[in-house]
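What follows is a short report on a single structure.
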Amino acid sequence: MYGIDTLSLDVMASGDVLETLRPSFEEGLLTPPSIEKTCSLEEAVEAYHEVETGKNKGKIVIIFPH
């Protein structure tokens, strides 16, 4: 499995998908993608360019202020 299209799912259905996958993560059968770096919301445009150009190998996580 490479991804799940959750655009057509509501919050409850998305939660059901995650709950179904949880045991496989807990048993180590599935692993989360690597996080290459985190960035601030102000750095998001640059991060999207990195994703678009394939500059990074892992995921970029945008941290929102509290």
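A few points about this structure:
- Of note, Met12 satisfies the criterion of being modelled with pLDDT under 95, over 16 Å from the mean Cα position of the chain (by Cα) and not charged (D, E, K, R).
- Test for Ser14: is it assigned to a helix (DSSP H, G or I) and of a type outside the set (D, E, K, R): yes
- Top-ranked residue of the stretch 2-29 - restricted to ones that are under 20 Å from Ile60 (Cα atoms) and free of Cβ contacts under 8 Å to residues at least 12 places away in the same chain, ranked as surrounded by the fewest Cβ atoms within 10 Å (Cβ to Cβ): Tyr2
- Residues located in the stretch 22-51, provided they are more than 13 Å from the chain's Cα centre (by Cα) and not in a helix (DSSP H, G or I): Glu27, Gly28, Leu29, Leu30, Cys39, Ser40
The values are calculated or read from the model by the stated rules, or taken from the named source; none is laboratory data. On a predicted model such as this, the values are computed, not experimentally measured, just so you know. Cβ coordinates were reconstructed from backbone atoms using ideal geometry, including for glycine residues, and neighbour counts include every protein chain displayed.
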